[in-house]
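S.K.: Can you keep this structure in mind? I'll have questions shortly.
The values are calculated or read from the model by the stated rules, or taken from the named source; none is laboratory data. All of these numbers come straight from a predicted model, not from anything done at the bench. Cβ placement follows ideal geometry from the backbone for every residue including glycine, while neighbour counts extend to all protein chains displayed.
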Amino acid sequence: MTDADLAKFNAAQAALDYIKDGMIVGLGTGSTSAHFVRALGERVRQGLRVKGVPTSEATRNLAEQVGVPLIEISQVTAIDVDVDGADEVDPAFRLVKGGGGALLRERIVAAASKRMVVIADESKWVETLGAFPLPVEVTRFGFALTQERVAEALRKTGCAGDEVVLRVSGKANEPVITDGGNYILDAHVQRIANAEALAAELQAIAGVVEHGLFIGLAQTVILGKAKGAEVKTL
Ligand code: 5RP
């Protein structure tokens with residue numbers, strides 16, 4: 001394992017402390033969350049009884065492979081704890097999420113959870129959000145117009161950058177389609193001057209399904225290092 005991967009692994013291991021027998025657990029998406037899902041699978045094999053609510057089809061597949069029992073979100077009234085990664089975390093525990101394109105389900109699961117535990121390698125901790133491009137999930141219909149409105153929102157709220165790019169993948173540069181059937185725009189904001197104002201502006205744009213600014217959701221942040229992990233609580 002590289003040091004970065006080890007740091008993700010250590011954060012995921014430390015998150016197991018928050019999981020108790022009988023809990024319903026939100027399962028995040030991404031490489032750090034994948035470490036957590038595998039670790040949880042190991043605990044299940046040792047007798048822990050939990051049910052997981054996956055935040056993406058990728059996480060659903062992984063959880064099934066490693067034997068974490070799943071439950072549909074429509075079958076639960078609340079989730080005890082959600083364990084998910086992040087692309088950036090600031091000292092107020094505001095997050096940029098969606099690098100893996102799962103932001104819509106990630107927010108629904110986080111919002112339904114009594115506690116959100118963020119697991120990340122320490123490089124994700126930043127003083128100011130924005131170096132990582134901010135993902136915005138948009139409907140395919142009218143996406144170019146929505147792209148314009150998103151760029152306007154960046155300018156209006158004082159972001160350092162206003163380039164907004166449709167996320168593509170593969171040799172053919174096909175647009176990435178999310179689990180919800182939408183497109184992702186990556187907003188190269190460089191530096192977010194006012195995260196709350198930007199979140200409100202983005203939310204108000206017709207065609208925006210979800211954005212990657214998660215504010216007021218995380219209570220605990222576990223920063224993994226090559227050796228051990230640091231737990232921060234608000
Ligand atoms: C997916 C996410 C991920 O949590 C985020 O991209 C971090 O991923 P990784 O753990 O691979 O660094 O928001 O939509």
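S.K.: Residues in segment 189-201: is at least one crowded, with 18+ Cβ neighbours inside 10 Å, within 30 Å of Asp80 (Cβ to Cβ) and of a type outside the set (Lys, Arg)? Don't jump to the end; show me each part of the working.
M.R.: Taking segment 189-201 and keeping what is crowded, with 18+ Cβ neighbours inside 10 Å, we get 189, 192, 195, 198-199, 201.
Those still in the list that are within 30 Å of Asp80 (Cβ to Cβ) too: 195, 199.
Now restrict to residues that are of a type outside the set (Lys, Arg): 195, 199.
Yes, segment 189-201 contains at least one residue that is crowded, with 18+ Cβ neighbours inside 10 Å, within 30 Å of Asp80 (Cβ to Cβ) and of a type outside the set (Lys, Arg).
S.K.: Scan segment 84-106 for residues that are part of a loop (DSSP other than H, G, I, E, B), near the ligand (Cβ under 9 Å from one of its atoms) and of a type in the set (A, V, I, L, M, F, W, C) and jot them down. Steps first, answer last, please.
M.R.: Quick first cut of segment 84-106, residues part of a loop (DSSP other than H, G, I, E, B) only: 85-87, 90-94, 97-102.
The next check asks that each one be near the ligand (Cβ under 9 Å from one of its atoms); those that pass are 85-87, 97-102.
Ala86, Ala102, listed by residue number.
S.K.: Given the condition modelled with pLDDT of 95 or more and under 15 Å from Ala58 (Cα atoms), answer yes or no: does some residue in segment 3-25 qualify?
M.R.: Within segment 3-25 (the criterion being modelled with pLDDT of 95 or more and under 15 Å from Ala58 (Cα atoms)), the answer is no, since none of the residues qualifies.
S.K.: Does Ile79 satisfy being surrounded by 18 or more Cβ atoms within 10 Å (Cβ to Cβ) and either out of contact with any Phe, Trp or Tyr (no Cβ under 8 Å at 6 or more places or on another chain) or without any contact (Cβ under 8 Å) to a residue 24 or more places away in the chain (or both)?
M.R.: Details: surrounded by 18 or more Cβ atoms within 10 Å (Cβ to Cβ): yes; either out of contact with any Phe, Trp or Tyr (no Cβ under 8 Å at 6 or more places or on another chain) or without any contact (Cβ under 8 Å) to a residue 24 or more places away in the chain (or both): yes.
Considered against the rule, which asks whether it is surrounded by 18 or more Cβ atoms within 10 Å (Cβ to Cβ) and either out of contact with any Phe, Trp or Tyr (no Cβ under 8 Å at 6 or more places or on another chain) or without any contact (Cβ under 8 Å) to a residue 24 or more places away in the chain (or both), Ile79 comes out as yes.
S.K.: Please enumerate the residues belonging to segment 190-207 that are among the aliphatic types (A, V, I, L, M) and under 17 Å from Leu145 (Cβ atoms). Before the answer, list the steps.
M.R.: Filtering segment 190-207 for residues among the aliphatic types (A, V, I, L, M) gives 192-193, 195, 197-200, 202, 204-206.
Matches in segment 190-207: Leu202, Ala204, Ile205, Ala206.
S.K.: For segment 53-60, does any single residue satisfy the condition of being assigned to a loop (DSSP other than H, G, I, E, B) and more than 16 Å from the ligand (Cβ to nearest atom)? Walk me through how you get there before you give the answer.
M.R.: Step one: filter segment 53-60 for residues assigned to a loop (DSSP other than H, G, I, E, B), giving 55-56.
Checking the rest, the ones that are also more than 16 Å from the ligand (Cβ to nearest atom) come to none.
Within segment 53-60, none of the residues are assigned to a loop (DSSP other than H, G, I, E, B) and more than 16 Å from the ligand (Cβ to nearest atom).
S.K.: Is there a residue being touching a residue at least 40 places away in the same chain (Cβ under 8 Å), within 12 Å of Gly85 (Cβ to Cβ), out of contact with any Pro (no Cβ under 6 Å at 6 or more places or on another chain) and not in a loop (DSSP other than H, G, I, E, B) anywhere in segment 37-50? Break it down stepwise before answering.
M.R.: The first filter runs over segment 37-50 and keeps only residues touching a residue at least 40 places away in the same chain (Cβ under 8 Å), leaving none.
No: zero hits.
S.K.: I'm trying to understand the selection: among the residues of segment 117-167, which are away from the ligand (no atom under 16 Å from the Cβ), in a loop (DSSP other than H, G, I, E, B) and under 30 Å from Asp5 (Cβ atoms)? Before you say what the answer is, go through the steps one by one.
M.R.: As a first pass, look at segment 117-167 and keep what is away from the ligand (no atom under 16 Å from the Cβ): 127-128, 139-166.
Okay, now just the ones that are also in a loop (DSSP other than H, G, I, E, B), so 127-128, 139-142, 157-162.
Once the filter is applied, which keeps residues that are away from the ligand (no atom under 16 Å from the Cβ), in a loop (DSSP other than H, G, I, E, B) and under 30 Å from Asp5 (Cβ atoms), segment 117-167 yields Glu127, Thr128, Gly161.
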